[in-house]
Amino acid sequence: MGSRSSYRPPPSVTPELRSRDKLRCVSTSSDLALLSSLGAQLDEIGRRVTEMAERYGASPDSAVAGELFAAERTLFGTRRSLDRARSMMEDLR
């Protein structure tokens, strides 16, 4: 299962958060701004990747378009994850 090169420490070393109250001491305002900025950047990158994928979709290089559309889905999925994180952080305020 877990290899020694894993970036996560073993479960016995990982501190557990037993309630959301432990995170209330964190100032979230700058982090919320950062998440908003990252989300806007991901939107822009996603639009640019989509435009490129659509150009290649109309050519014999449809495999390129397939990879670009996969990257697009990943970018927009990442945006949704950031939005969920931002929503959770807003609930902490």
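Take the alpha carbon atoms of the stretch 46-93, find their radius of gyration, then divide it by 2.2 N^0.38 Å using N residues; give the quotient. The partial results should precede the final answer.
Values: Rg = 15.1 Å, N = 48, 2.2 N^0.38 = 9.6 Å.
Rounded to two decimals, the normalised Rg is 1.57.
Show me the chymotrypsin sites (Phe, Trp or Tyr not before Pro) within the stretch 52-92 that DSSP assigns to loop and that have at most 11 other Cβ atoms within 10 Å of their Cβ.
none
Can you sort 93, 79 from fewest to most other Cβ atoms within 10 Å of each residue's own Cβ? Numbers along the way, then the final one.
Working: 93 9, 79 18.
Ranked by crowding around the Cβ, least crowded first: 93, 79.
Report ³J(HN,Hα) in whole Hz for each residue of the stretch 44-51, in order, from the Karplus equation J = 6.51 cos²θ - 1.76 cosθ + 1.60 where θ = phi - 60°; Gly and Pro get x.
The phi angles translate into 5, 4, x, 4, 5, 5, 4, 4 Hz.
The numbers here are math on the coordinates, done by the rules we state, and not lab data. Quick caveat: nothing in here was measured; it's all calculated off a predicted structure. For neighbour counting, all protein chains shown are included, and Cβ atoms are generated from backbone atoms with ideal geometry for every residue, glycine included.
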